[in-house]
């Protein structure tokens with residue numbers, strides 16, 4: 001992977017969303033579709049499995065180049081190792097001058113799960129990916 005074309009996942013998603021929006025506004029359907037395909041690929045890099053059994057989805061209607069809105073669910077287990085329910089969460093990511101991005105996790109904090117979700121997304125969104 002060429003380091004000149006890598007960037008943190010959150011920035012690659014924001015760039016692709018902004019480019020897709022610009023293509024939509026200018027009527028460039030070919031590149032709109034290419035950026036849509038790239039967003040589907042980037043979405044696969046977001047937490048999936050290990051409790052995030054339904055993966056994570058990018059909300060393309062609410063996300064912009066300045067704010068990402070992600071949806072995920074967490075599949076909870078009981079003390080015996082059996083699954084015993086889900087919680088739904090929205091992760092809202094915004095730019096930060098101090099740390100590159102800031103985000104908040106909404107949804108029920110069953111079993112203090114928000115701390116784990118926070119750790120997983122903080123790590124994942126900083127991972128380097130290819131823009132293209």
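Values quoted throughout were computed directly from the atomic coordinates according to the rules given, and no laboratory measurement underlies them. Computed from a predicted model, the values in this text were never measured in an experiment. When we count neighbours, we look across all protein chains shown, and the Cβ atoms used for this are built from the backbone with ideal geometry, even at glycine.
Which of 20, 67 has the fewest other C-beta atoms within 10 Å, and how do the rest follow up to the most? Don't jump to the answer; show the numbers that get you there.
On the way: 20 23, 67 15.
Taking fewest neighbouring Cβ atoms as first place, the list is 67, 20.
Based on DSSP H runs of at least 4 residues, each adding -39500 (n - 2.57), what is the mean residue ellipticity at 222 nm of the chain after dividing by all its residues, to the nearest 500 deg cm²/dmol? Don't skip to the answer; put the middle values down first.
On the way: 3 runs with 47 residues, N = 132.
It lands at -12000 deg cm²/dmol.
Measure off 7 Å from each Cα along the Cα-to-Cβ vector at residue 66 and residue 31, then give the distance between these two points in nanometres to one decimal.
With each label point 7 Å from Cα toward Cβ, the separation is 2.2 nm.
Please list the equivalent ellipsoid semi-axes of region 53-129, computed as the square roots of five times the alpha-carbon gyration tensor eigenvalues, in descending order and whole angstrom.
Semi-axes (√(5λ), whole Å): 25, 13, 11.
Of the peptides 59-66, 97-104, how do they stack up when ordered by the mean number of other Cβ atoms within 10 Å, highest first?
Peptide ranking by packing, descending: 59-66, 97-104.
With just the Cα atoms of region 49-93, tell me how far they stretch along each of the three principal axes, in Å, largest first.
43, 13, 13
Relative contact order for the chain using alpha-carbon pairs under 8 Å, separation at least 6, rounded to a whole percent?
Result for the chain is 27 percent.
Would you mind ranking 131, 70 by Cβ crowding within 10 Å, fewest neighbours first?
131, 70
What's the whole-number percent of alpha carbon pairs in the chain lying beyond 19 angstrom?
51 percent
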